[in-house]
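Computed from the coordinates by the stated procedures, all read-outs in this text should not be read as laboratory data. What you are looking at is a predicted structure, and each value in this text was computed from that prediction instead of being measured. So basically every Cβ, Gly included, is an ideal-geometry build from the backbone, and we count neighbours across all protein chains shown.
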Amino acid sequence: MGGTWAGVRERVLALRNAPHWRVVFGADFHDHGHEFQLHPVLTEEQLRAVERRFGTELPEEYRTFLLQVGAGGAGPDYGLFPMKPSAPGVLSATGRCALPFRPGLTAELDQHECAEPQRADYPDDDAFAAAHTPWVARHEELYDALTEGTLCISSQGCAYYSLLVVTGPHRGTIWEDVRTVGEGVVPVGRRGTTEPVTFAQWYLNWLEDAERRAWDERSEPSPRPRLTSDHNLSGES
């Protein structure tokens, strides 16, 4: 195996023997720690079945990761969600991954929230309800649409998630789902630039940092935030 992922699986699994592997954030945290374990890789046939289920071909760097490194396990934060091959007869997913990813929706949602109808501006409850009900419906529509065209691949804890963009000009890049704090979906930027990182950059940067920490005698444990929500391990947002 050559290319981007040459030797990566071996490097990750080797960290299980590092003296300070537990200081790496997300590696050792109750039932959520990845412990530098990796799932077996997928075969090309299994991967094609996964893509049929999602209704779209996955970005190349992530595809080759699943084929050459592992179908989930150790990775940034609490690790990568398992990508399990579809069993015969399993129904297709909702198709949200195949929809266009629209990064401008976060700003649109912000504007919509600023325009929320206020009770004081209406003469009675009926008039307020007539204005507020469609506002709520549109808010829910925008909120749900923020993650269309993405695959949720990792939990950061506390209801924050990492998303892989699957469609459109940003295909193959990593964004954060921070809707839980009202900030929408935002790109994970490359250091010194405004460009979002690709999946390979995101994963390899994590691995290099994990290697430094796990083998460094001066390493101190990372803080352990409490997870506040679980996620559907199918991965679809």
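Numbers below:
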quantity	calculated
Label-point separation in nm, His30 to Thr133, each point 7 Å along Cα→Cβ	4.2
Inter-label distance for Glu141 and Glu116, nm, one decimal - labels placed 7 Å from Cα along Cα-to-Cβ	1.9
Among 114-126, 144-156, 41-53, the order from most to least packed when residues are scored by Cβ within 10 Å on average	144-156, 41-53, 114-126
